[in-house]
1. Among Thr139, Thr39, rank each residue by its count of other Cβ atoms within 10 Å, from fewest to most, as a rough exposure measure.
2. Charges at C-beta only: +1 for Lys and Arg, -1 for Asp and Glu. How large is the resulting dipole of the chain about its Cα centre, in Debye rounded to 20?
3. What does the helix-only formula give at 222 nm for the chain: each DSSP H stretch with n ≥ 4 adding -39500 (n - 2.57), the total divided by the residues, and the result rounded to the nearest 500 deg cm²/dmol?
4. Please report Tyr65, Tyr215, Tyr194 as a ranked list, fewest other C-beta atoms within 10 angstrom at the top and most at the bottom.
5. Taking the dipole about the Cα centre of the range 98-267, with the C-beta of Lys and Arg at +1 and of Asp and Glu at -1, give me whichever of Ala243, Pro108, Asn145 is farthest to the positive side.
6. Relative contact order for the range 139-238: what is it in percent, counting Cα pairs under 8 Å that are at least 6 residues apart?
7. Counting only residues 5 or more places away or on other chains, whose amide H sits under 5 Å from the amide H of Arg187 once H atoms are built in the peptide plane?
8. Between Arg36 and Ala95, how high is the FRET efficiency from 1/(1 + (r/R0)^6) when r is the Cβ-Cβ distance and R₀ = 45 Å? Nearest 0.05.
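Derivation of every value follows stated rules applied to the coordinates shown; laboratory data play no part. Worth saying up front: this structure is predicted, and the values here are computed from it rather than measured. Virtual Cβ from ideal backbone geometry, glycine too; neighbours counted across all protein chains shown.
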Amino acid sequence: MKPPAWIAQLASEGRVAYSRLNQDGEQILAQLRALRLVTIGSHNSRRIVVIIDKPGFAQWLHGAYPAPEEPPVAGRRASNIARAGHSKAGTATHAAQPVLMRWFSPDPQAPWAALTRRCGIVGTTTAHIDTLELPANWTLLTIENWEPFLELEYAPQEGDIVAIYTGGNIAGAALQMLAALEPPPARAIHFGDYDWSGLAIYQRIRAALPQIELYVPDDIDALFRQFAGHNLLAGQPPMVARAGDPAEVRQVIALIAQHNAGLEQEIVLAPPL
């Protein structure tokens, strides 16, 4: 049996607002106070319940609400179901994430590039990073949206080009995988939307891959004048340029602010690698 929400918060944070007690909360609270496991205090003029005997409270919690049995199916989402009643009850529901790629190589026999020509895309999971067998000289290209990703076509003269589909905001496990790739890319580029969300996605990737560049085409000013859309910014929190931002980021921020509009990457030709 799961503990009430206020008990769960009390266990994780050591305190909980008195107002969060449910219908049976007064009875449980009386028991806990009688056992001298909690007390009632105040914080910002609000009554709160505070644990005063952590080991004793942990022992009481284990006895009153035993941990659920192990689920018959292994996996994080199955554990979430057993623990909380639904699969998305964790901050990260998947330990392994899919990684979709398009791989281009000057070597026609390169296996991942040959599979890309044959199948359109190739894929692995973050748990199988060692299967990539990256060459010494390669370029990483992260792509935010599906259509530009599928339209990519490169015939590199030297060095492989590995395009990774992020599907918008890339999963944390996939981002950690990219940061851990060996050998690291000789060059890394991000190609995404030119709006507040697109910039936020790039900055998140750059926090893990400091060397990654934001691709901004030479005709970005003309593209904003012709094709920028005001509705793209709806619901997107604006951002301001920071001292450590690359020149390309400051340029895009200025264009978004100037036009009060964003530009979708589908109207922009892919980086000419």
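1. Neighbour counts put them in this order, fewest first: Thr39, Thr139.
2. Dipole about the Cα centre, nearest 20: 1740 debye.
3. Numbers: 10 runs with 97 residues, N = 273.
-10500 deg cm²/dmol, from helical runs alone.
4. On the way: Tyr65 15, Tyr215 22, Tyr194 28.
The most exposed by this proxy come first: Tyr65, Tyr215, Tyr194.
5. In the range 98-267, that residue is Ala243.
6. 29 percent
7. Trp138, Leu140
8. 0.65
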